[in-house]
Amino acid sequence: MTVESEEKPLMSADNGTSYSTVAAKEEIKEPTYTDAEKCGKVISTSFAIDLERWKAGLVEGTIPQSFFAAVVIGGLCSIGAYLYYLSLWFLLDYVWHDLPSVTKFNEIFPEWAWFLWIPIVGFVMASCVGLSVVYLGEPGDLAYVVKCVHAHGFIHENHMIPMIAASQFSIIGGGSLGPEAPLVAICAGIAAIVSRYLLKTQNINVIRKHTLMGMCAALAAFFGAPLGGSLFALEINSRFGCEYFEHAVEAMFCGEICLVGFRYLAGLSIDPIWHVGSPLTGASPYDIVQGMFVGFLGGLVAMCFRWFHWEVVMAWFGSHGLLDNKKAVTRALIGAVPIMIIGILVPHTLFWGEYEIQEILSLAPAKDLDHVWPTTGATGFEMNSCFTSFIVGFGKMIAISFTVAAGYRGGFIFPFFLAGSAFGQSLAFLIPMNSQLASLCFAAAINVSITRTPLGTTLILSFLSGEENAVSAIFASSCIALYLTAYMPFLKSQIPRKDIDQALVYEYKAVTGDAVASSSNTESHV
């Protein structure tokens, strides 16, 4: 194609000397691709031609196909997420609020013994977690999802049912893991089904794009933040930035579609869920400096957590042969012991923390805790001082470690948010710093240190808290924590992208039958 350029001075590349003004015609040659290298999104054609090529099966990943895939995957994921949400909230409410009355437990036992309901439910659900793994199969986890994205581009659908069962038992039992990672795995599985069976996609990088659509759909819908949730899903695959950048916009669009469908079906509004007095009226350079300081502290806490989890807890479980799925029931019951002890003493540490963070940020009484019954546990613990705030944060970190080690399934985004919020409250008692800012920055620092997601974490926390003026400080905290822990990987499957050179020149490989089969046998890392 030929492009007429305007008259302009041509500058020497060596010293900037201006040549005479000339009218030039520049020949712009469109790059050529072999059939194996073609990806419709980068070929300069038209909508009609792209649509025809897609229908004829000549080119995958065209703009029409990507739009269709985003709408279908987003719609199906919204239904899947809604059904998961409906089941989880019904069972949570029934087990913890209705069942004590139905069984007359609160009448048979005196009030001082009501705390026994916590370990009763906890150990029953722990047994169910183990049994689901033994009889339904390996559910996988977040690290497994990330590994499959890199290795095969998709998550096999045979993990979906085991994940649904194991994660719901884990969450109902009060474990310190939440629904976010199970939803990512489930929606990624739905996206893989659409890609491989409905669209019959062969190019692995196009299949990977559809998988990332599913992951973005899950977190955009769950957090109610399409940009923050989607960025988190994209960042989680790497240790230092979003490496699957060419799929970002299309995956985020899918997240937006899922957000609309899920929130409509669930009857949920799209607004902040934590409300703590008046929002920050502005931001200052001093806030950013404070955020950096808190990021440093949060990074140190995360480094201690990583050492404790891998070198102490997981090493002990491994040395006793408890990581074999044949011993999943024993593993879950042993892991439930410290979780229940901490939960009985400090009820704030039970569950994943999405709604409990409201009580943490406002130092509200324990009676306001959303899920647990009785809310005061065995000791009537209240979080109302520097020391008790520290105890909540410390106890939550220990509970997260044992929940993961016990083989429970779920996500640790909100659990780390809660731990960081408690540490931030404790810090605000010691130094002159806005307590809400301290909590949000500490929450970001710990989470980013573990998940390596500075952009998504910043946007999610600022949205959920309604604190847009805290973005600069939260991001500063996230960046410091990211650099401080750059050589401290927690999710071992977060590896550099191997096909980035091929992706830049659009060289894609087709998925083989062996790749499909091997994905279901990939070993989990967490």
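The values are calculated or read from the model by the stated rules, or taken from the named source; none is laboratory data. This structure is a prediction, so every number in the text was calculated from the model and none was measured. Cβ atoms come from the backbone with ideal geometry, glycine included; neighbour counts cover every protein chain shown.
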Report summary line: Within segment 303-317, the residues that are under 12 Å from Thr403 (Cβ atoms) and β-branched (Val, Ile, Thr) are Val313
Requested in this report: From Gly241, Gly261, grab the single residue that is within 15 Å of Gly75 (Cα to Cα) and surrounded by fewer than 24 Cβ atoms within 10 Å (Cβ to Cβ).
Outcome: Gly261
Report summary line: Subset of segment 454-466, residues surrounded by fewer than 23 Cβ atoms within 10 Å (Cβ to Cβ) and more than 16 Å from the chain's Cα centre (by Cα), comes to Gly466
Query raised in the report: Are any residues in segment 399-432 more than 20 Å from Ala336 (Cα to Cα), out of contact with any Cys (no Cβ under 9 Å at 6 or more places or on another chain) and surrounded by fewer than 24 Cβ atoms within 10 Å (Cβ to Cβ), and if so, which ones?
Result: Ile431, Pro432
Query - Candidates Gly255, Gly241, Gly277, filtered to the one that is out of contact with any Asp or Glu (no Cβ under 8 Å at 6 or more places or on another chain) and on the phi > 0 side of the Ramachandran plot - result: Gly277
Report summary line: Going through segment 315-329 in order, the residues found to be surrounded by fewer than 18 Cβ atoms within 10 Å (Cβ to Cβ) and in a helix (DSSP H, G or I) are Ala315, Trp316, Gly318, Ser319, Asn325, Lys326
Requested in this report: Please indicate, with yes or no, whether at least one residue in segment 149-162 is closer than 26 Å to Leu92 by Cα and among the small types (Gly, Ala, Ser).
Outcome: no
Query raised in the report: In segment 330-349, is there at least one residue being assigned by TED's automatic domain parsing to the domain that holds Gly420, outside any helix (DSSP H, G or I), under 23 Å from the mean Cα position of the chain (by Cα) and not polar (S, T, N, Q)?
Result: no
